[in-house]
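Structure record follows, encoded as structure tokens.
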Amino acid sequence: MSGEDTYFIQIENQHEIRRGVLENLRDTVTSLQALEGLKRTRVAIVEKNLELKKIMSEIRTLNSNLKKHLPKVKEPIVAVSKPVKKGAKKSHHAKAKPKGDLTRLEQELDAIEEKLNSLSRK
């Protein structure tokens with residue numbers, strides 16, 4: 001070695017220092033593997049989101065096609081109830097309303113069934 005001087009330094013506890021360095025390298029490799037796993041997971045999530053968007057788009061298209069092919073039906077007019085004041089006590093009339101709603105719904109259901117039966121007979 002013509003222009004360079006080589007020096008050797010004695011290291012005490014060289015086995016422990018080597019072990020420490022190797023343990024740190026092992027931890028670093030483990031961390032890098034975990035990072036790669038996280039990256040793969042993120043890529044998989046992005047792919048699943050894209051697939052979900054594609055499926056939702058297809059569902060919207062199919063839904064609009066279905067609406068075009070279904071017959072137009074009048075929607076029943078639903079009466080809007082008045083809001084109850086916060087301090088007011090409930091009266092026994094409130095209990096009667098669900099029965100009225102139930103009978104009204106049953107009547108509407110019967111009317112729909114009659115229409116379906118008349119359509120199926122034709």
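The values are calculated or read from the model by the stated rules, or taken from the named source; none is laboratory data. Not measured: the values here are computed from a predicted model.
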Those residues that are at pLDDT below 65 and either more than 23 Å from GLU75 (Cα to Cα) or not in a helix (DSSP H, G or I) (or both), I need them from region 87-122; list them, please. GLY87, ALA88, LYS89, LYS90, SER91, HIS92, HIS93, ALA94, LYS95, ALA96, LYS122
Name the residue, out of LYS54, LYS68, that is modelled with pLDDT of 95 or more, charged (D, E, K, R) and not assigned by TED's automatic domain parsing to the domain that holds ARG104. LYS54
